[in-house]
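First the structure, in the form of structure tokens, and then the observations on it.
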Ligand SMILES: NC(=O)c1ccc[n+]([C@@H]2O[C@H](COP(=O)([O-])OP(=O)(O)OC[C@H]3O[C@@H](n4cnc5c(N)ncnc54)[C@H](OP(=O)(O)O)[C@@H]3O)[C@@H](O)[C@H]2O)c1
């Protein structure tokens, strides 16, 4: 896995209090990782800060899994 | 009550009710970041409170300016380390009958009273969410519940604050952040000094307790809502009005 992916997973682990081995690419934040809607907003804002990217609302609505987050950051950071 | 060492931000803390709120919080051992529109008004109020520089600091800010709010709250967070309590108290009036009310009168009152509270709430949300606790108190007015001829703009802004209070309370409840509103009635301050004698007489005659309220009587309610004791109360509006409006 790329180092970007590792960093994204690190952010997810910190924000959602989960472990890296739970962060499978298909893991859904809300259904699998115990996040609520505020957590997902916080997570997106944290990713924006850490990677210096802007994630528009209509894009962030579609970032539902660990894989989605990694893909977005890899393509845009 | 337990506000000791809590960091409290009070907008419009340089005069009137806001200054009394600061005085009470300081007396109860809280740390206070006080906001006025100008450096001068803010620093005069800090002096008047007579606390140490560690306990009270003053900041100049127009709460209607979202960018400036972001900057000043970042400064407050770096000065005090965290924010436990936000009191959205800054407010203005531009009273006149609607027939004569200008669009600017409407926009300005909305921008300071309603958008100001939104701006400041946004600025403390993330730090409070991280702390997993917080208290936000919005100063509304009984006029927001009853309406008042000559105050269409002001009453709308104060009623708006109640809807804003309830929505923020619901959004933030899962993070143990409570949001409540306080609706003062007729409190003797510079804001009410501006009212004509005849209007004042008429107003006072409708108050069951038969007198104007004192700013420190509003501050007492704020001290309670800011404390740990109010933990199970959120999304509510409390009138401090001598019985003027009974729900
Ligand atoms: N007095 C009453 O009977 C009464 C009744 C119901 C509700 N209220 C509400 O209680 C709150 C305080 O009222 P008050 O009577 O104490 O008012 P006040 O004596 O007129 O004081 C207003 C305070 O707000 C500050 N302020 C004004 N515009 C601001 C802005 N754009 N950005 C930041 N700060 C601003 C002022 O700062 P400067 O000192 O720098 O000008 C001052 O500290 C208001 O929200 C008011 O609507 C009052």
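The values are calculated or read from the model by the stated rules, or taken from the named source; none is laboratory data. Predicted, not measured: the structure shown is a model, and the values here were computed from it. Reconstructed Cβ throughout: ideal geometry from the backbone, glycine too, with neighbour counts over all protein chains shown.
Sub-7 Å Cβ pairs linking a first residue in the range B:18-46 that is within 18 Å of residue B:225 (Cβ to Cβ) and outside any loop (DSSP other than H, G, I, E, B) to a second residue that is modelled with pLDDT under 95 and away from the ligand (no atom under 13 Å from the Cβ), at least 6 apart or interchain, are B:26/B:51, ordered by first then second residue. Each residue in the range B:78-117 was checked for being buried (at least 17 other Cβ atoms within 10 Å of the Cβ), within 30 Å of residue A:40 (Cβ to Cβ) and touching a strand residue (DSSP E or B) at 6+ places or on another chain (Cβ under 9 Å), and 9 pass. When the range B:1-18 is filtered for residues that are within 13 Å of the ligand (Cβ to nearest atom) and buried (at least 24 other Cβ atoms within 10 Å of the Cβ), the ones remaining, listed by number, are B:9, B:10, B:11, B:12, B:13, B:14, B:17, B:18. Scanning the range B:196-211 for residues that are surrounded by 15 or more Cβ atoms within 10 Å (Cβ to Cβ) and modelled with pLDDT of 95 or more turns up just one, B:207.
Residues checked against (1) in contact with a strand residue (DSSP E or B) (Cβ under 6 Å, 6 or more places away or on another chain); (2) over 22 Å from residue B:129 (Cβ atoms); (3) within 14 Å of another protein chain (Cβ to nearest Cβ):
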site	(1), (2), (3)
A:8	no, no, no
A:41	no, no, yes
A:61	no, no, no
A:64	yes, no, no
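Restricting the search to the range B:212-246, which residues are within 14 Å of the ligand (Cβ to nearest atom) and touching a helix residue (DSSP H, G or I) at 6+ places or on another chain (Cβ under 7 Å)?
Step one: filter the range B:212-246 for residues within 14 Å of the ligand (Cβ to nearest atom), giving B:212-219, B:221-222, B:237-242, B:244-245.
Once the filter is applied, which keeps residues that are within 14 Å of the ligand (Cβ to nearest atom) and touching a helix residue (DSSP H, G or I) at 6+ places or on another chain (Cβ under 7 Å), the range B:212-246 yields B:212, B:215, B:216, B:218, B:219, B:222, B:237, B:238, B:240, B:245.
Filter the range B:125-138 down to the residues that are more than 14 Å from chain A (Cβ to nearest Cβ) and in contact with a helix residue (DSSP H, G or I) (Cβ under 7 Å, 6 or more places away or on another chain), then identify the one that is farthest from the ligand (Cβ to nearest atom). Show your work before the answer.
Taking the range B:125-138 first, the residues more than 14 Å from chain A (Cβ to nearest Cβ) are B:133, B:135-138.
Now drop any that are not in contact with a helix residue (DSSP H, G or I) (Cβ under 7 Å, 6 or more places away or on another chain), which leaves B:135-138.
Numbers: B:135: 17, B:136: 14, B:137: 11, B:138: 9 Å.
Across the range B:125-138, the extreme among qualifying residues is B:135.
Could you please let me know if residue B:113 is away from every other protein chain (no Cβ under 14 Å) and farther than 14 Å from residue B:154 by Cβ? When the stated conditions are applied, residue B:113 does not pass them. In the condition set (1) over 17 Å from residue A:61 (Cβ atoms); (2) at pLDDT below 95, residue A:27 is compliant with all but (2). Screening residue B:122 with (1) away from chain A (no Cβ under 14 Å); (2) under 16 Å from the mean Cα position of the chain (by Cα); (3) surrounded by fewer than 17 Cβ atoms within 10 Å (Cβ to Cβ); (4) modelled with pLDDT of 95 or more gives one miss only, at (1).
Among the conditions (1) in a loop (DSSP other than H, G, I, E, B); (2) within 12 Å of chain B (Cβ to nearest Cβ); (3) without any contact (Cβ under 8 Å) to a residue 12 or more places away in the chain, the only one that residue A:35 does not satisfy is (3).
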